[in-house]
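Colleague: Input: one structure, supplied below.
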Amino acid sequence: MGGFDQGGAEPEYSVVVPVYNEGPNIGVFCRVAREQLPGNHEVLIVYDFEGDNTPAALAALGAEQKPANLRLVHNTLGRGVRWAIEAGMRAARGPVVLVTMADLSDDFSNVGQMVARAAAGAEVVSGSRYMQGGKQIGGPMVKSFLSRMAGLSLRWLTGLPTHDPTNSFKAYRRDFLLRTPIESSEGFCLGLELTVKSHFGGGRVEEVPATWRDRTAGKSRFKLVKWLPKYLRWYLWALRRRWLW
């Protein structure tokens, strides 16, 4: 994956936040990020198009209302969350890159542990809703069932060491991202892709408990029916790597 930003002082970790008209949420997100994200970090707000209401909402906030090291990143790689996440990864300056959402569905209480594990050598650290201590509150039951079954079956059938490989809330080592091309074409499927590529490439994949809450403002961009075949591609890829290669 080429094109990563090489300049500027290096934070301990970078937080990549893809947005799509998150104006109603971004002020609260900034407050929670200031209060709860530990250590020396940068926050990258990644938007697709000039009419997105998130940059304007950010501009209306005072400096004291934003994280100290916040950058807007204009995604020019392609439209959609898949490309926004990669654009943020490319712009990241920290040795660890954390992906989360602006709707505060992810609980930040274990971010410090996720970053520490990645800094200690884990290529991927998944925030896991389905391990002991993890929790999911709200959201579509079908989506929850499918993601839970995918994680459990991959763990049983392939030895993938996380109960929740489809969760987007993950910390990655930046050196792993630098050498690992992303092939997913859309959606959040790159989280599963990078997890199985790390595991079958001999890297360390770890998990920590995470709580996920359904959003209370704005509209979810998750498209289950459209993206399910994209997830299935990497599910089957992992099975082939375990049993056929």
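Every number here is computed from the coordinates shown, using simple stated rules; none is lab data. Predicted model, so just to flag it, every value in this text is computed and none were measured. We place every Cβ from the backbone using ideal geometry, glycine too, and count neighbours over all the protein chains shown.
Colleague: What does the charge dipole of the chain about its Cα centre add up to, to the nearest 20 debye, if the Cβ of each Lys and Arg holds +1 and the Cβ of each Asp and Glu holds -1? Mind dumping the intermediate values first?
Modeller: On the way: 31 positive and 23 negative charges, 183 e Å.
Using only the charged Cβ atoms, the result is roughly 880 debye.
Colleague: So which GluC sites (Glu not before Pro) in region 19-91 are both in a DSSP loop and have at most 11 other Cβ atoms within 10 Å of their Cβ? The partial results should precede the final answer.
Modeller: Working: sites: Glu22, Glu35, Glu42, Glu50, Glu64, Glu86; in loops: Glu22, Glu50.
Of the GluC sites (Glu not before Pro), the ones in loops of region 19-91 whose Cβ has at most 11 other Cβ atoms within 10 Å are Glu50.
Colleague: What number of lysine-lysine pairs in the chain show an alpha-carbon separation below 17 angstrom, given a sequence spacing of 8 or more or placement on distinct chains?
Modeller: Taking the Cα cut-off of 17 Å, the pair count is 8.
Colleague: Further question: Please work out how much length the chain gains when fully extended from Ala59 to Arg213, using 0.36 nm per residue of separation minus the C-alpha to C-alpha distance, in nm with one decimal.
Modeller: Extending this stretch completely gives an extra 52.7 nm.
Colleague: Here is a further query. Using alpha carbon centroids, what distance separates region 141-177 and region 104-126, in Å?
Modeller: 14
Colleague: Specify the angular offset, from 0 to 90 degrees and rounded to the nearest 10, of the alpha carbon long axis of helix 224-243 from the longest principal axis of the alpha carbons in the chain.
Modeller: Approximately 50 degrees, to the nearest 10.
Colleague: Given the chain, what percent of its DSSP beta bridges are antiparallel, to the nearest 5?
Modeller: On the way: 8 of 30 bridges.
Of those bridges, close to 25 percent are antiparallel.
Colleague: Something else now. Rounded, prolate or oblate, given the Cα gyration tensor of region 13-243, with a/c below 1.5 counting as rounded?
Modeller: It comes out prolate by the Cα gyration axes.
Colleague: So how much slack lies between Arg31 and Trp237, counting 0.36 nm per residue of separation and subtracting their Cα-Cα distance, in nm?
Modeller: Details: separation 206, 0.36 × 206 = 74.16 nm, distance 4.01 nm.
So the extension gain works out to 70.2 nm.
Colleague: Taking a ≥ b ≥ c as the square roots of the Cα gyration tensor eigenvalues, with a/c under 1.5 meaning rounded and otherwise prolate when a/b beats b/c, else oblate, which class fits region 85-204?
Modeller: Details: a/c = 1.42, a/b = 1.25, b/c = 1.14.
Rounded shape, in that the Cα axes give a/c under 1.5.
Colleague: Which trypsin sites (Lys or Arg not before Pro) in region 75-148 pass both tests, a DSSP loop state and at most 16 other beta-carbon atoms within 10 Å?
Modeller: Arg79
Colleague: With angles folded into 0 to 90 degrees, how steeply does helix 190-200 sit against the dominant principal axis of the chain? Use alpha carbons for both and round to 10.
Modeller: For helix 190-200, the angle is close to 50 degrees.
Colleague: If you line up the long axis of helix 81-91 against the longest principal axis of the chain, both from Cα atoms, how many degrees apart are they, to the nearest 10?
Modeller: 70
Colleague: A follow-up question, please. Spin-label point model (7 Å from Cα, Cβ direction): what's the Leu244 to Leu77 distance in nm?
Modeller: In this crude label model, Leu244 to Leu77 measures out at 2.7 nm.
Colleague: With unit charges on the beta carbon (Lys/Arg positive, Asp/Glu negative), name the residue among Leu61, Leu239, His74 whose Cα is farthest towards the positive pole of the charge dipole of region 13-243.
Modeller: Value computed over the given set: Leu239.
Colleague: Moving to a separate point now. Name the residue farthest towards the positive end of the dipole of the chain from the options Pro209, Thr158, Phe176, assuming +1 on Cβ of Lys and Arg, -1 on Cβ of Asp and Glu, about the Cα centre.
Modeller: Thr158
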